[in-house]
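All remarks here apply to the structure that follows.
The values are calculated or read from the model by the stated rules, or taken from the named source; none is laboratory data. Bear in mind the structure is a predicted one, so any value in this text is a computation, not a measurement. Note: areas computed on protein heavy atoms with side chains; ligands, DNA, RNA excluded. Shrake-Rupley method; radii C 1.70, N 1.55, O 1.52, S 1.80 Å.
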Amino acid sequence: MEVVDNVRSKVMIKKFHAQNKNKSFLDFTSQFDNLITVKNGDSIVLNEKSKTLPMLGYTNSCVIFNNKEVEIIIDKKHKMKLNKEQLPKYKFIYIEKDKNHYKIEYTNKARSFM
């Protein structure tokens, strides 16, 4: 994994006890008003109705184990799996929605939502 070197990223990693190389942050950003379910291996780590805060462009987030399968289900019908080869390389994964299209960004830099 690349070295995470910006201050915001380091603070988030420490605050959420995600120093372990097998943990990453999964963040949902803009245009959501949906039931979001995240399955991580055999566990459900997020299962709630989430709406984007328009002023921030932020919806919801959770910590995932990046060495396990990750499946995202939107409104119990739209399913997507994250790239299992990409997950361990990155600490932050951002999901953005534009109507019914989803953009996935893998990065080692935390975004600011304020």
Handout entry: For region 7-107, projected area of the alpha-carbon convex hull averaged over all directions, nm²
Key = 6.3
Practice task
Just reorder 55, 80 by solvent-accessible area, largest first, 1.4 Å probe, all chains present.
Solution key: 55, 80
Exercise for the section: Would you grab the residues whose amide H sits under 5 Å from the one on residue 23? Only those 5+ places off in sequence or on another chain, please, with H modelled 1.01 Å from N. Expected result: 66
Problem - Global geometry of region 55-113, whether rounded, prolate or oblate, following the gyration tensor of its Cα atoms and the 1.5 cut on a/c - result: oblate
